[in-house]
Amino acid sequence: MTAHERDRIRQLNDHARRSFRNCRVVITPGVAELDDLPAVLRAVQRFDDFTADNDPYGEHDFGALRVGHAEVFWTFSYYDIDQEMLSPDPSDDAVTVRVLTIMLACEY
């Protein structure tokens, strides 16, 4: 993967996570049962605590945060347009469906 492709993936991921656009957002049963789901969604959208330790490839494709008493993870997966296989190029949104999964840490 080139630096340009990695930068593009990061840009696409940040846009999708911050806006919940150009992606499918999936929440797990544990997250759906939380008392303050809107607070969880806002926290995911506002997440910006990326470091070399939690984002070693610089793609902004995973995050861990605490919302109230809940430890929440979010992660991106990249599928082809038909969502039958992995995307041939996650840096190209014309051939990629981004899926943002928001889950409790215990559901990982």
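Checking the structure you have, find out if any residue of the range 87-108 is touching a Leu at 6+ places or on another chain (Cβ under 8 Å), farther than 21 Å from ALA3 by Cα and of a type outside the set (A, V, I, L, M). No: zero hits.
For CYS23, are the conditions met, namely being in contact with a Leu (Cβ under 6 Å, 6 or more places away or on another chain) and either β-branched (Val, Ile, Thr) or in contact (Cβ under 8 Å) with a residue 12 or more places away in the chain (or both)? When the stated conditions are applied, CYS23 passes them.
How about the range 1-55: which helices (runs of 4 or more DSSP H) wholly inside it have at least 3 residues that are hydrophobic (A, V, I, L, M, F, W, C) and either on the phi < 0 side of the Ramachandran plot or surrounded by 12 or more Cβ atoms within 10 Å (Cβ to Cβ) (or both)? Let's see the steps before the verdict.
Values: elements: 3-19, 29-32, 37-46.
By residue number, 3-19, 37-46.
Taking the conditions (1) of a type in the set (A, V, I, L, M, F, W, C); (2) closer than 23 Å to GLU107 by Cβ; (3) over 11 Å from the mean Cα position of the chain (by Cα) in turn, MET1 satisfies each one other than (2). Annotation: VAL40 fulfils all but one of (1) under 20 Å from MET1 (Cα atoms); (2) at pLDDT 95 or above; (3) not polar (S, T, N, Q); the unmet one is (1). Scan the range 56-68 for residues that are more than 18 Å from ASP7 (Cβ to Cβ) and loosely packed, with under 13 Cβ neighbours inside 10 Å and the total you get is 2.
Please find, among GLU71, GLU84, the residue that is at negative phi, loosely packed, with under 15 Cβ neighbours inside 10 Å and not in a strand (DSSP E or B).
Numbers: GLU71 fails: not in a strand (DSSP E or B).
Exactly one residue qualifies, and that residue is GLU84.
Candidates in the range 64-103 are the residues that are within 12 Å of the chain's Cα centre (by Cα) and among the polar types (S, T, N, Q); of these, the one that is nearest to VAL31 (Cα to Cα) is THR101. Here SER91 meets the list (1) surrounded by 13 or more Cβ atoms within 10 Å (Cβ to Cβ); (2) out of contact with any strand residue (DSSP E or B) (no Cβ under 8 Å at 6 or more places or on another chain); (3) free of Cβ contacts under 8 Å to residues at least 24 places away in the same chain; (4) of a type in the set (Gly, Ala, Ser) almost entirely, failing just condition (3).
The values are calculated or read from the model by the stated rules, or taken from the named source; none is laboratory data. Just so it is clear, the model here is predicted, and its values are computed rather than measured. Virtual Cβ from ideal backbone geometry, glycine too; neighbours counted across all protein chains shown.
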